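One structure below.
The values are calculated or read from the model by the stated rules, or taken from the named source; none is laboratory data. No experiment lies behind these values; they were computed from the predicted model shown. All Cβ positions, glycine included, derive from the backbone under ideal geometry; neighbour counts span all protein chains shown.
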């Protein structure tokens, strides 16, 4: 009985080994089939490529060359424009600095002119005040003779600066025509001034 039990084991093992061998052979065939296609495609010579595909490739290369040339030309054009804009910006910066410098000088000159005008106005006012005091302190008859020869506007300016009683004494010594003309000028001085 021992002999019969030993013989079935080797037969079961040989069946498993056969199945494993068949699977390995099948796997090898599948691998060769999958990898052989790309390998054969790589080894194909350029003569095998159809003529249309070759012409299409050369046309595409020419188009790409034209496109590249145009892009390079545009890049150069943009670089030139950028340089022109940079030059203009630099010129504007210089002009801005010059304008700021001149504006500062103009403001300083304006301030100096204001001071000069203020000094001149103050001096002129002092001169007019002093001259008005001189006319006011003169004898009314002598002052009237002097005012008779003056321009009416000029005489009206001095008389309006005098105190009313001194101006009245001078006006009393004037001829009626001169007194009337000076009175009209004095009355009309503020006629156009706003009422409110």
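Condition check: outside the structural domain of residue 166 (by TED's automatic domain parsing), more than 30 Å from residue 167 (Cβ to Cβ), part of a helix (DSSP H, G or I) and at pLDDT below 90. Does residue 127 satisfy that?
no
Can you find a residue in the range 103-111 that is under 30 Å from residue 178 (Cβ atoms) and either assigned to a helix (DSSP H, G or I) or not assigned by TED's automatic domain parsing to the domain that holds residue 177 (or both)?
No, the range 103-111 contains no residue that is under 30 Å from residue 178 (Cβ atoms) and either assigned to a helix (DSSP H, G or I) or not assigned by TED's automatic domain parsing to the domain that holds residue 177 (or both).
Run down 128, 146 and say which single residue is within 30 Å of residue 159 (Cα to Cα), surrounded by 10 or more Cβ atoms within 10 Å (Cβ to Cβ) and in contact (Cβ under 8 Å) with a residue 12 or more places away in the chain. Among 128, 146, only 128 is within 30 Å of residue 159 (Cα to Cα), surrounded by 10 or more Cβ atoms within 10 Å (Cβ to Cβ) and in contact (Cβ under 8 Å) with a residue 12 or more places away in the chain. Of all the criteria given as (1) closer than 30 Å to residue 155 by Cβ; (2) at pLDDT below 90, the one not satisfied by residue 116 is (2).
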